[in-house]
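Below you'll find the structure, written out as C-alpha cells, and then a few comments.
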Amino acid sequence: MTSIGLPARPLAARHRIADLQRRFPLLQVAALVVLYLAGALTVPGWTSTSTTSSMLVMAALLGMAGIGQTIVVLGGGIDFSVGSFITAGAVFITELTSVDHWPMWAAIAFPLAVGAFGGALNGVISYRFGIEPLIVTLGIGSLLTGVLTGWVSGAVSGTPPAWTDSAVSVVSKTFGLSLPPVVVIWAALAVIIGIVLARTRPGRSLYLNGTNPSAARLALVRTGWTWTAGFIVSAVLATFVGMLLAGNGGSNLTSGDPYLFQALTAVIVGGTMFGGRGDYWRTVLGALILTVVTYLLEAHNYSIGVQEMVYGVLIMIVVAVYGRERKIRDRV
C-alpha cells in the first residue's frame, strides 16, 4: 500500500505547479529575469538608459502589434494579415501627408477606416462561409499589399510626419517622464485591454466564444459579432502600429512583414493559446522576452537565422508545457 501511494505526492505537486502556471505565468517571468541578467553580465552598457529605452520602444511596437492577435487567438482564430495592415499604416501616413498633402486628421482617419473595413472582411468572410481564418487573412493581406504596391508604384517616396518620429524616439519624454510616448501608449493600452478582457461582458463573451462556440450561442453571445469584432480590433491596432513604425524608419512596403511572425510568437511565448486560454498581460511578457532575446543575440553578433531558431525553440517549449493540458472546454 505504501509503495503504491508514494508516487501520488510528486504527481500532486506537479498538478499544483501546473495549476499555478495556468493562473500566473511563472515560467515566462523566470525566463525574462534570467535573460535580462544574462545580458547585464555579458553585454557592456546593457543596463544603460539608452539601451533600456531602445528595448522598451521595440517591445512596445511588438506588444501593440500583438494586442489584436491576442484577441483573435483567444476567440479561436488567427490573423495572418497583421503584417500587411502594419505596412498599410506606415505607407498611408507617409504618402498621404507628404506626397498627397492631406490634412493630418484625414491621413490618420483614412488608414484606420481601411483597417476597420479589412478586419470586418476577415471576420465576416471566415465566419459566414466557414473558411479557415488563416486562409482568409492571408488573402486579404495579400490583396492589401498588392493595392499598396500599385498605388506607390513599387516604392514609397514620401517622408513620415514629425510626430511619428517623436513618438518612437528613445530620447523623447512623456509628461516630463523619461519614457518615449510609444511606451506610455503601450502601457495605457495594456491596462485598458486587460480590464476589458477580465472585467467586461465583451471580454467574457470573447473567452466563451473561443472556449466553446456552441455554449456561447446558448448563453446568448452574439458569436458572429464577437468573432468579427476581434478581427476589426486586430486590423485597426495593426494599422496604428504601422503609423508609429513609420517614424522608426518603417516607411516601406515590407515594414510590417517581421511583425506577423513576431507578434504571433509573442502571444504564444507569453502563454496565450488558441481557444480562450490566457490574457494580454501574458503577451506583454512574451513581447518583453522576445525583445530581450533579440537584443542579447544581436549583441553577441548572432545572425537573424539564429534568432528565428531561438524563437522556434521558445514556441516549442511553451507548447510542450501548455499543450499537454486538457482544453478548457474539457475541464468544465
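The values are calculated or read from the model by the stated rules, or taken from the named source; none is laboratory data. Source: prediction; values computed, not measured. Don't worry about glycine lacking a Cβ; one is built from the backbone with ideal geometry, like all the others, and counts go over all protein chains shown. Note: areas computed on protein heavy atoms with side chains; ligands, DNA, RNA excluded. Shrake-Rupley method; radii C 1.70, N 1.55, O 1.52, S 1.80 Å.
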Could you check, for the range 123-134, whether at least one of its residues is within 21 Å of Leu206 (Cβ to Cβ), open to solvent by less than 20 Å² (accessible area, probe 1.4 Å) and of a type outside the set (Gly, Ala, Ser)? yes
Near pairs, Cβ below 7 angstrom, 6+ apart or cross-chain, from the range 303-322 (within 23 Å of Phe24 (Cβ to Cβ)) to any residue that is among the β-branched types (Val, Ile, Thr) and surrounded by 13 or more Cβ atoms within 10 Å (Cβ to Cβ): Leu314/Val269; Ile315/Thr265; Ile315/Ile268; Ile315/Val269; Val318/Ile268; Val318/Val269
Write out, first by first residue and then by second, each pair whose Cβ atoms fall under 7 Å of each other, whose residues are 6+ apart or on separate chains, and whose first residue, in the range 31-56, is hydroxyl-bearing (Ser, Thr, Tyr) while the second is open to solvent by less than 40 Å² (accessible area, probe 1.4 Å). Tyr36/Val292; Ser53/Pro180
Sole residue being open to solvent by 20 Å² or more (accessible area, probe 1.4 Å) and in contact with a Gly (Cβ under 9 Å, 6 or more places away or on another chain), chosen from Leu189, Leu197, Leu179: Leu189
Quick one: would you say Ser172 is in contact with a helix residue (DSSP H, G or I) (Cβ under 8 Å, 6 or more places away or on another chain), of a type in the set (S, T, N, Q) and touching a residue at least 12 places away in the same chain (Cβ under 8 Å)? no
For the range 68-94, the count of residues that are over 20 Å from the mean Cα position of the chain (by Cα) and open to solvent by 10 Å² or more (accessible area, probe 1.4 Å) equals 1
List every residue pair whose Cβ atoms lie under 7 Å apart, where the two residues are 6 or more positions apart in sequence or sit on different chains, the first residue falls within the range 149-165 and is of a type in the set (S, T, N, Q), and the second residue, located anywhere, is assigned to a loop (DSSP other than H, G, I, E, B) and surrounded by 15 or more Cβ atoms within 10 Å (Cβ to Cβ). Thr149/Leu253; Thr164/Gly247
Read through the list (1) crowded, with 19+ Cβ neighbours inside 10 Å; (2) at pLDDT below 85, then give the number of the only condition that Ala320 fails. (1)
What pairs come out if I take residues in the range 228-253 that are more than 30 Å from Gly76 (Cβ to Cβ) and pair them with residues that are open to solvent by 30 Å² or more (accessible area, probe 1.4 Å) and among the hydrophobic types (A, V, I, L, M, F, W, C) whose C-beta lies under 6 Å away, six or more apart or interchain? Ser251/Val156; Asn252/Val156
Those residues that are open to solvent by 30 Å² or more (accessible area, probe 1.4 Å) and more than 30 Å from Asn212 (Cα to Cα), I need them from the range 226-250; list them, please. Phe240, Asn248, Gly249
